[in-house]
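See below for the structure under consideration.
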Amino acid sequence: MLQRLSNGRNNREWSWMMVTINDIAKEAGVAKSTVSRYLNNGSVSPRTKQKIDEIVKKRGYKPNTFARSLKAQKTNMIGVIIPRLDSPSTNEVLSGIDSSAHEKGYQLIITNANQEKEREIEDIYTLAKQKVDGIIFLAKEITAEHQIAINDIKLPFLVLGQQTDNIPSIVHDDYGAGKKIARHALELGHKEFLYFTVSKEDKAVGQDRYNGFMDEINKATDTVIQAVETSFTMREAYKTAIKELQGLEASFVIGATDTIALAVLKAAAELGLSVPEDVSVAGYGGYNLLSFMTPALTTIKYPYYTIGDMAIATIEKMILKETVPQTQTLSNELIIKETTQSI
């Protein structure tokens, strides 16, 4: 703790005072072992915890996490494998992970797999060699090769975005999101749809969102749906949209992500189509950057920051060998903006 001392004159002197566990224990009137349990989230009575809390805040005590990690044979480092660098949803998830990790005293090692399975598996082994305490994986899919690597490293391992049978995961309600978009379109009176999806290898985005949409649309009569597979990247999605929007008959177009929906909007503008007068457009994501876009996109808003925050809380429990749910599912919300209207 830095303490400023005044000598009664205009100039000031500074001195350092190192606060130790012994100092905290002495002031609280408890044993050093009690303070140690408090610092390691052990069993401490509520009254004692409150007393130590107040002293720690007052004295500005910062535990030496490096020394503690050596003693406990832990590094206080968590590995995070992301699918790509240019993903708004990934960036929002990382913001939640980073904020929560910093608050809890963890450092992050982040690797970019560029949506390549071989790199993902390589990163799993590389992070294990770096002695991380656990790994968070923002997954496109979990293959047999992934399973082998995860079993090999024998570390706490958490998957985000894809549900898997024998690995703890936190997922979004993608099927429900698809149903929400479909209900919104049907309520507006639309009957003809063009859906830009992605590879079915991505179960959450390529299957669950699409299946939810299709199941709800098929409840209605006289509907026509065309599905076209494209890429997550805006450049490739734009090329697909330019081709598919020429001679467009559908009145409602859906992008499997907001990035794809934005590519559709750009293609529509270049083809002289007015949104939503000529065609309605919707996406999935609800990225923060969309609040600055005109017209504002109708979308499903996902709690990406929250899933990042939950990821750290969950992986910490796994590191401490506490029981965690096999699957945690987060809900989402339909945000109706300016790109959809009734016909």
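Can you pull out every residue in the range 227-238 that is surrounded by 13 or more Cβ atoms within 10 Å (Cβ to Cβ) and over 16 Å from residue 283 (Cα atoms)?
236, the sole residue that qualifies.
Taking the conditions exactly as written (at pLDDT 95 or above, crowded, with 20+ Cβ neighbours inside 10 Å and within 30 Å of residue 81 (Cα to Cα)), does residue 334 satisfy them or not? Spell out the reasoning first.
On the way: at pLDDT 95 or above: yes; crowded, with 20+ Cβ neighbours inside 10 Å: no; within 30 Å of residue 81 (Cα to Cα): yes.
Taking the combined requirement at face value, the residue does not satisfy it.
Kindly list the number of the only condition in (1) under 27 Å from the mean Cα position of the chain (by Cα); (2) outside any loop (DSSP other than H, G, I, E, B); (3) not hydroxyl-bearing (Ser, Thr, Tyr) that fails for residue 200.
In the conditions (1) under 27 Å from the mean Cα position of the chain (by Cα); (2) outside any loop (DSSP other than H, G, I, E, B); (3) not hydroxyl-bearing (Ser, Thr, Tyr), residue 200 misses (2) alone.
Only residues in the range 198-221 that are polar (S, T, N, Q) count as the first member; pair them with residues that are open to solvent by 20 Å² or more (accessible area, probe 1.4 Å) and in a helix (DSSP H, G or I), Cβ under 7 angstrom, at least 6 apart or cross-chain, and list the lot.
Final answer for the pair search is 211/175.
For the range 1-19, state whether one or more residues are of a type outside the set (Ser, Thr, Tyr) and modelled with pLDDT of 90 or more.
No: the range 1-19 contains no residue that is of a type outside the set (Ser, Thr, Tyr) and modelled with pLDDT of 90 or more.
Which members of the range 212-228 meet the condition of being within 26 Å of residue 90 (Cα to Cα) and either small (Gly, Ala, Ser) or under 24 Å from the mean Cα position of the chain (by Cα) (or both)?
Result: 212, 213, 227.
Looking for whichever is of a type in the set (D, E, K, R) and at pLDDT 95 or above here; the options are 98, 53. Which one fits?
98
Taking the condition of being without any contact (Cβ under 8 Å) to a residue 60 or more places away in the chain, open to solvent by 30 Å² or more (accessible area, probe 1.4 Å), farther than 30 Å from residue 155 by Cβ and over 21 Å from the mean Cα position of the chain (by Cα), how many residues in the range 268-325 meet it?
Counting residues in the range 268-325 that are without any contact (Cβ under 8 Å) to a residue 60 or more places away in the chain, open to solvent by 30 Å² or more (accessible area, probe 1.4 Å), farther than 30 Å from residue 155 by Cβ and over 21 Å from the mean Cα position of the chain (by Cα) gives 11.
Which of the residues spanning the range 186-201 are surrounded by 18 or more Cβ atoms within 10 Å (Cβ to Cβ), farther than 26 Å from residue 163 by Cβ and of a type in the set (A, V, I, L, M, F, W, C)?
Residues satisfying the conditions are 193, 194.
Which of (1) open to solvent by 20 Å² or more (accessible area, probe 1.4 Å); (2) in contact with a Ser or Thr (Cβ under 8 Å, 6 or more places away or on another chain); (3) closer than 18 Å to residue 158 by Cα is the odd one out, the single condition residue 265 does not satisfy?
Here residue 265 meets the rest and fails (3).
With the condition kept exactly as written, say whether any residue in the range 202-212 is over 30 Å from residue 84 (Cα atoms) and open to solvent by 20 Å² or more (accessible area, probe 1.4 Å).
Checked against the condition, which is being over 30 Å from residue 84 (Cα atoms) and open to solvent by 20 Å² or more (accessible area, probe 1.4 Å), the range 202-212 yields no hits at all.
Residue check: is residue 193 part of a helix (DSSP H, G or I) and closer than 26 Å to residue 277 by Cβ?
Details: part of a helix (DSSP H, G or I): no; closer than 26 Å to residue 277 by Cβ: yes.
When the stated conditions are applied, residue 193 does not pass them.
Between a residue in the range 238-257 that is closer than 13 Å to residue 268 by Cα and any residue that is at pLDDT below 95 and open to solvent by 50 Å² or more (accessible area, probe 1.4 Å), which pairs come within a Cβ distance under 8 Å, given they are 6 or more apart or on different chains?
Short answer, once both residue conditions are applied: 251/343.
The values are calculated or read from the model by the stated rules, or taken from the named source; none is laboratory data. Just so you know, these numbers come straight off a predicted model, no measurement behind them. When we count neighbours, we look across all protein chains shown, and the Cβ atoms used for this are built from the backbone with ideal geometry, even at glycine. Protein only, heavy atoms only, side chains kept; ligands, DNA and RNA dropped before computing areas. Shrake-Rupley method; radii C 1.70, N 1.55, O 1.52, S 1.80 Å.
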